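In what follows, a structure is listed as structure tokens, so that the remarks can point back to it.
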Amino acid sequence: MTCRTPAVWALVGAAAWIAALAGCAADGDQIVLRLAETHPRDYPTTDANYEFARLVQERSDGRIRIEVYHSSQLGEERGVIEQVLFGAIDMTRVSVSPLASFVPELDALQMPFLYDGPDHMWEVLRSDVGREMLDTLEQADFVGLNYYDSGARSFYNTRREIRHPDDMAGMQIRVQESRLMMDLVQALGAVPTPMPFGEVYSALQTGVIDGAENNWPSYFSTSHYEVAPYFSLNEHSRVPEVTIISRLAMDRLSEEDRQLIREAAWDAMDYQIERWNAFEAEAEQRIRDAGVTVTEREDVDVDAFRKRVQPLYDRLPENQRGIVERIRAMAGPPAEGP
Ligand code: GTR
């Protein structure tokens with residue numbers, strides 16, 4: 001929250017308001033912005049949040065401070081997005097999946113089997129398409145600042161190897177709070193169960209769900225591999241991550257400070273990608289060393305997966321279809337995707 005955030009003071013009460021005013025006066029004109037992160041301190045996106053904060057602090061000569069609250073200290077992803085909407089939290093780093101519930105156009109960035117690989121995805125995110133998609137966030141009173149890498153998501157479960165969609169028929173699979181992810185799991189013949197990230201470990205352990213889907217780093221850092229030791233490299237989607245700031249917080253800043261924040265966030269992307277690549281390799285190694293049953297990419301019938309999810313493309317609204325076509329046009333030959 002900044003030193004001048006009336007909506008927040010209404011929530012936290014008069015005593016906090018008086019204390020905070022005193023703090024503002026003592027800090028001169030210092031601006032403090034709170035950033036929520038679901039991952040733990042040692043995760044690559046958390047590192048990138050701190051790098052973003054460092055750049056902002058350095059470039060504003062200490063006038064703007066971003067406080068990072070990692071490990072879901074401020075709540076689970078969807079709830080945090082709502083709080084950013086109301087200005088109770090200034091910023092967050094989230095996956096596009098839950099954010100698309102607020103801005104449906106974003107689904108175009110997370111369609112299954114959309115990108116050829118990370119290079120294609122990054123070409124898209126850094127292009128006009130990526131910038132335009134950040135701009136769409138303004139419809140929902142968010143300001144999109146940057147993208148981070150989140151690798152490829154694959155299914156994992158407590159029961160058996162998944163080589164073909166039929167292997168997951170009827171399984172209860174946890175998904176993020178996202179319509180598209182629910183439709184994807186349903187199209188594959190399993191039963192989607194939306195659930196906050198922090199509840200997945202115990203749901204796997206107690207058998208409330210049979211599986212979930214994520215990238216190597218999240219599968220590792222949550223220790224889900226301990227309770228769901230079958231990981232299938234089907235790589236159904238690459239879901240970018242985004243840093244958003246509340247429109248309310250942004251409006252309170254000078255144009256110069258807005259620009260400073262936008263540039264620092266964009267500049268933190270390379271750092272995140274580097275940290276991501278290193279951590280992804282380490283997480284994969286640690287998981288393999290732990291004895292998890294990994295179904296290798298060549299043992300997965302990827303075509304069968306692609307065919308099953310084709311209806312998701314067929315029912316895309318016109319505007320999203322246009323974006324998907326632009327994304328596909330940036331893929332190197334031979335074109336992949338359904
Ligand atoms: C992770 C992502 C988180 C969260 C999580 C989930 O890959 O970084 O922001 O969305 O997946 O599955 O809930």
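Taking the criterion of being touching a strand residue (DSSP E or B) at 6+ places or on another chain (Cβ under 9 Å), surrounded by fewer than 20 Cβ atoms within 10 Å (Cβ to Cβ), touching a residue at least 40 places away in the same chain (Cβ under 8 Å) and hydroxyl-bearing (Ser, Thr, Tyr), the residues of segment 50-107 that qualify are Ser60, Ser72. Within segment 247-264, is even one residue hydrophobic (A, V, I, L, M, F, W, C) and within 22 Å of Asp183 (Cα to Cα)? So far as segment 247-264 goes, no, none of its residues is hydrophobic (A, V, I, L, M, F, W, C) and within 22 Å of Asp183 (Cα to Cα). Set side by side, the residues Met171, Met182 differ, and just one is surrounded by fewer than 18 Cβ atoms within 10 Å (Cβ to Cβ), outside the structural domain of Trp122 (by TED's automatic domain parsing) and in contact with a strand residue (DSSP E or B) (Cβ under 6 Å, 6 or more places away or on another chain), which is Met182.
Leu204 meets all of the listed conditions (1) in contact with a helix residue (DSSP H, G or I) (Cβ under 6 Å, 6 or more places away or on another chain); (2) free of Cβ contacts under 8 Å to residues at least 60 places away in the same chain; (3) more than 10 Å from the ligand (Cβ to nearest atom); (4) not in a helix (DSSP H, G or I) but one, namely (4). Considering Glu263, Glu199, the condition of being charged (D, E, K, R), under 21 Å from the mean Cα position of the chain (by Cα) and not assigned by TED's automatic domain parsing to the domain that holds Arg308 is satisfied by Glu263 alone. The strands (runs of 3 or more DSSP E) falling completely within segment 207-313 that include 2 or more residues that are of a type in the set (Ser, Thr, Tyr) and crowded, with 18+ Cβ neighbours inside 10 Å map to 230-232, 241-246. Name the residues in segment 33-72 that are assigned to a helix (DSSP H, G or I) and more than 18 Å from the chain's Cα centre (by Cα), would you? Result: Ala53, Arg54, Leu55, Val56, Gln57, Glu58, Arg59. Taking each residue of segment 276-291 that is without any contact (Cβ under 8 Å) to a residue 24 or more places away in the chain and looking for partners that are surrounded by fewer than 12 Cβ atoms within 10 Å (Cβ to Cβ) with beta-carbon atoms closer than 9 Å, six or more apart or interchain, yields nothing.
The values are calculated or read from the model by the stated rules, or taken from the named source; none is laboratory data. Fair warning: this is a prediction, and the values are worked out from it, not measured in the lab. Every residue, glycine among them, receives a Cβ derived from its backbone with ideal geometry; neighbour counts consider all protein chains shown.
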